[in-house]
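**Q** Before anything else, here's the structure in question.
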Amino acid sequence: MRDKDRPRERPLAGARVLITRSPERSLALVDALQDAGASALLLPLIDFERAPDQHSLDVACDALGAGAFDWLVVSSATTVHVLTAKAAERGLVPAQWIPAATRIAAVGAATRRLLEDRGLAVALTPADDQSAAGLLAVWAGGDGKVLLPQADIASPRLAEGLSAAGSTVTAVTAYRTVDYPAAAERRLAIPAEGGGAPRQPPSYALLTPEDAAAELADGRLDAVIAASPSAARRIHALSPLLGCRFVAIGRSTADQAAALGMPVAAIAAEPSPAGLVAAVAAALIAPEDEGGEPP
């Protein structure tokens, strides 16, 4: 459907949008896409397992609870879930476990909201570039001791940048990123996100990689949303996107897509359902504003 034919309150009417996250991490986004008139299709590409070295993680967590760190740097929403589980193992909630004197930095608004939902005050979040580079640009931790729990595939850039700024950094693997689905016995339990249940359960189609490749080849997808650099790599492995517009949740995901030769149609201004819907709308409207046909 051309943009001029779409009702203003439903800017994505008729669009078919592929989300590359698991259902429990997509419900709020699916609901927001439906409100905008789009049909959502889910292709879970990545999943998360508990860190293989639980001893090292527990040693770092015990030190965190004992007040050994000046800063806790949280670089993903998944890390918040790991920390919440570690607090529960100790019979506590995060706000009881993490000392008030330990300042917390979050890489972006979505991670900040999850921390605040758990009663934790967040002292530092980049306002614009919600990425490792954005956090380093506003870092003011000085020569304090920093705990950095992160994914096994996390870029060393954040740890190196914090160290270069004078901080003493303890980086520890909090979780492992794997192809979906993770092994049941190692899978990291992640509750449904979204700040509450939607008005009614959103509907979506759950695809296999083969299904998604066929949809792309036939030109039946208007946009695909990638929520991490690792998702971008897996999307690239499916097939050429052809007319499907690539929408990135943030700069690091966009940079990974560009490095793989995939054009990035839009980057979400913030990594929230509303921000992603706005980015999809921008990605689909832009070709029409230039006088071309929509994808």
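The values are calculated or read from the model by the stated rules, or taken from the named source; none is laboratory data. This structure is a prediction, so every number in the text was calculated from the model and none was measured. Here Cβ is always computed from backbone atoms with ideal geometry, including for glycine, and neighbour counts include all displayed protein chains. Protein only, heavy atoms only, side chains kept; ligands, DNA and RNA dropped before computing areas. Shrake-Rupley method; radii C 1.70, N 1.55, O 1.52, S 1.80 Å.
**Q** What's the percent breakdown of Cα-Cα distances in region 46-105 across 5 Å bins, shortest bin first?
**A** Reading upward from the zero bin: 4, 17, 29, 30, 14, 4, 1, 0.
**Q** Which residues in region 134-152 have a backbone N closer than 19 Å to a point placed 7 Å from the Cα of Gln54 along the Cα-to-Cβ line?
**A** Residues passing the 19 Å test: 149-152.
**Q** Report the Stokes-Einstein translational diffusion coefficient (µm² s⁻¹, integer) for region 162-268, Rh taken as the Kirkwood radius over Cα pairs, at 10 °C with viscosity 1.306 mPa s.
**A** 96 µm²/s
**Q** For region 93-140, list log₁₀ I(q)/I(0) at each q in 0.18, 0.29 Å⁻¹, using the Debye formula over Cα point scatterers of equal strength and ignoring solvent, two decimals each.
**A** Result of the Debye calculation: -0.52, -1.03.
**Q** Continuing with this model, one more query. Which value, in Å², gives the accessible area per residue of region 104-198 when a 1.4 Å probe is used on the protein heavy atoms?
**A** Here the residues of region 104-198 average 48 Å² of exposed surface.
**Q** For a quick size check, give me the Cα extents of region 41-194 along its three principal axes, largest first, whole Å.
**A** The Cα atoms of region 41-194 stretch 41, 35, 28 Å along their principal axes.
**Q** Can you tell which of Glu89, Glu215, Glu49 shows the greatest fluctuation in a Gaussian network model of the chain with Cα springs below 10 Å?
**A** The residue that fluctuates most here is Glu89.
**Q** Would you grab the residues whose amide H sits under 5 Å from the one on Lys145? Only those 5+ places off in sequence or on another chain, please, with H modelled 1.01 Å from N.
**A** Asp70, Trp71, Thr168
**Q** Would you kindly state how much longer the chain becomes between Ala258 and Leu206 on full extension, computed as 0.36 nm times their sequence separation minus their alpha carbon distance, in nm to one decimal?
**A** Result: 16.0 nm gained on full extension.
**Q** Another question, if that's okay. Among the complete DSSP H segments of the chain, which ones combine at least 20 Å of alpha-carbon extent along their axis with a mean Kyte-Doolittle hydropathy of 1.0 or more?
**A** 273-289
**Q** I need the semi-axes of the equivalent ellipsoid of region 1-112: take the C-alpha gyration tensor, multiply each eigenvalue by 5, square-root it, list largest first in whole angstrom.
**A** For region 1-112, the ellipsoid semi-axes come out as 40, 16, 10 Å.
**Q** While we're here: Could you compute the FRET efficiency for Ala95 and Ala237, with r as their C-beta to C-beta distance and R0 at 35 Å, rounded to 0.05?
**A** Efficiency, rounded to the nearest 0.05: 0.30.
**Q** Right, another one. 7 Å from Cα along Cα→Cβ at both Ala133 and Ala121: what's the point-to-point distance in nm?
**A** That separation, rounded to one decimal, is 3.2 nm.
**Q** How much of the DSSP beta bridge set in the chain is antiparallel, as a percent to the nearest 5?
**A** Looking only at bridges with both residues in the chain, the antiparallel portion is about 15 percent.
**Q** Also, I was wondering about something else. Which residue, Ala159, Ala226, Ala205, tops the fluctuation ranking in a GNM of the chain built on C-alpha contacts under 10 Å?
**A** Among Ala159, Ala226, Ala205, the largest GNM mean-square fluctuation belongs to Ala205.
**Q** Related question: For Asp143 and Arg187, what does the FRET efficiency come to when R0 = 35 Å and r is the distance between their Cβ atoms, rounded to the nearest 0.05?
**A** Given R0 = 35 Å and the Cβ-Cβ separation, E is 0.35.
**Q** Please state the Cα pair-distance histogram of the chain with 10 angstrom bins from zero: what percent is in each bin?
**A** Distribution as computed: 6, 27, 33, 21, 10, 2, 0 percent.
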